[in-house]
């Protein structure tokens, strides 16, 4: 069915219609309270009582705006980033100054002022299209049931419930024409409502969401926390690996060498030197030394793969060669990225190729790297079953957090049935 014909029966249409109706009383309350309190606050500023009233108005508008954001999220799917937590300065004067200087609160006041007339328009458009459309659709039935009568200018009694000038819709052709026009209005109603609701979709993020600077600060705080947590987790992992692995091997090595030295230093005639036992201890010590070297090498490789010293293209080629799934690598790197960016790109590619091998069921994959205009773009594609997402607990969640620490982004396109494409974009800083 054509989208125009099925629009009146979709969930989106009913959600937008309900939103247009429900937000009118909210807009009326928000506008009325804001207007009254602001007027009193401004009028009483000369007595100093007005300043607390204005501060209360600003913070109240901010809180009432949260109700609009929640309703828009639930009914329209408008995702607006949350505002930063209000942190007033110390003392009564600090609280007053912080409230009066709260930019989000003043922008919320602007929203409530604009929202009221917009809410009236939304309600009028919604009510007019739906009510007139539905009434005209059943107009022939309404005339048959209620039999309305009206006398025209010539004194003739007309059995009509609707007229346009001297035209009375009392004949079957005109009744059917009215019903047809009602069907047209019903089909147009979703698009008319959508048009006026779209204005609110633009206003809510612009006036009820955080400013760009505030959002930037919030993002930086979050990515800093992620970076700190990631660094702490890395240090804990290194400490654990050293303690449980290499350190244990080195302790065993020292013990074996000490015991071997005792055997070799034996001079008691009654207790001759046990050469075979000493040789066994030395061999064991040698084995522990080799295992400790391997573990230390693996640990160092986990911190910074030595192959990256040869460049990201060589490192990715090595990853592809070790992959359980055949991988094609294509690189176009005109300017070598900084070591930090190369390391993040390498570990992202390693994690993504591991996911391909273990979870996707793919038979082939491709890695494409492009460095242009100050950005590195890494794309990993496979022909697996799809359905990949960065849900909680997924390895992709860790990648999203890792790339965000350098203002990067990770995008996933993975419909059920495949194919899956994960793209990582990282800024290159000098």
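We did not get these values from a lab; they are worked out from the coordinates using the rules stated. Values in this document were obtained by computation on a predicted structure and should not be read as measured data. Positions of Cβ are generated from backbone atoms using ideal geometry, with glycine treated the same way; all protein chains shown enter the neighbour counts.
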Hey, what's the Cα Rg ratio for the range 1-123 versus the globular rule of thumb, 2.2 N^0.38 Å?
-> 1.32
Hey, any idea what the orientation-averaged projected area of the convex hull of the range 67-182's Cα atoms comes to, in nm²?
-> 12.5
Indicate, rounded to the nearest 5 percent, the antiparallel portion of the DSSP beta bridges found entirely in the range 307-427.
-> 75
Base-10 log of normalised Debye intensity for the range 307-427 (one unit scatterer per alpha-carbon) at q = 0.12, 0.23 Å⁻¹ | -0.38, -1.42
Work out, in µm²/s and without decimals, the Stokes-Einstein translational diffusion coefficient of the range 3-208 at 20 °C, 1.002 mPa s, Rh from Kirkwood over C-alpha pairs.
-> 106
Sorted on mean Cβ neighbours within 10 Å (highest first), peptides 125-134, 352-361, 73-82 come out as 352-361, 125-134, 73-82
Could you tell me, in Å, what Rg and Dmax come out for the Cα atoms of the range 92-147?
-> 23.0, 71
Compute the whole-percent fraction of alpha carbon pairs in the range 316-366 spaced more than 17 Å apart.
-> 37
For the range 10-52, what are the per-bin percents of Cα-Cα distances with bins 5 Å wide, up to the bin holding the maximum?
-> 6, 21, 14, 13, 11, 10, 8, 7, 6, 4, 1, 0
Dimensionless Rg ratio for the range 63-104, taking C-alpha atoms and the 2.2 N^0.38 Å reference | 1.50
